[in-house]
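Notes for the one structure printed next.
The values are calculated or read from the model by the stated rules, or taken from the named source; none is laboratory data. Note that the structure is predicted; figures quoted are calculated from it, not measured. Here the Cβ positions follow ideal geometry from the backbone for every residue, glycine too, while neighbour counts run over all protein chains shown.
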Amino acid sequence: MRRARQIAQPTILTLLANSDEPLHGYIIVQLAAQSPMFGGKKPDATGIYRALKRMEENELVTSKWDTPEEGSAKRMFSLTDKGRRCLRRWIDALACYELTLEELRSDAADALGIDLPDTPRCAG
């Protein structure tokens, strides 16, 4: 569970880095569903909001309330410079995860005495 929460962070940081304007939490949830991390499935909104709160506490994002004359107030999130530096570190960390997972795939195939499939069969 902790790993999934951690991997949600670079997804959120990437969405904010790609945006020219602050994003409402609901929009972040919708965009995250379209990301490779979530593969078209809507992520748990509560988990995304918790991640945003932790990221704000760690000064990776900032938020401000948008209070339109009509409709409900919305909290808008923006990426900070610290958040950009964090995303840069994620680029390397994700590459290291990829190498580690590929090594594990190879070890698992060896343990079964099979060739490592070129194209994995993904559930979904």
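Quick notes on this structure:
Yes or no, residue by residue, for (1) within 13 Å of the chain's Cα centre (by Cα); (2) under 22 Å from residue 20 (Cα atoms); (3) surrounded by 12 or more Cβ atoms within 10 Å (Cβ to Cβ):
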position	(1), (2), (3)
32	yes, yes, yes
44	yes, no, yes
64	no, yes, no
72	no, no, no
82	no, yes, yes
90	yes, yes, yes
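- Residue that is touching a Lys or Arg at 6+ places or on another chain (Cβ under 7 Å), among the hydrophobic types (A, V, I, L, M, F, W, C) and surrounded by 10 or more Cβ atoms within 10 Å (Cβ to Cβ), where the choices are 76, 55: 76
- If you filter the stretch 12-28 down to residues that are surrounded by 15 or more Cβ atoms within 10 Å (Cβ to Cβ) and either of a type in the set (Gly, Ala, Ser) or at pLDDT below 95 (or both), you find that the one that is farthest from residue 90 (Cα to Cα) is 25.
- Of the helices (runs of 4 or more DSSP H) lying entirely inside the stretch 1-75, not one is found with 2 or more residues being within 23 Å of residue 96 (Cα to Cα), in contact with a Gly (Cβ under 6 Å, 6 or more places away or on another chain) and hydrophobic (A, V, I, L, M, F, W, C).
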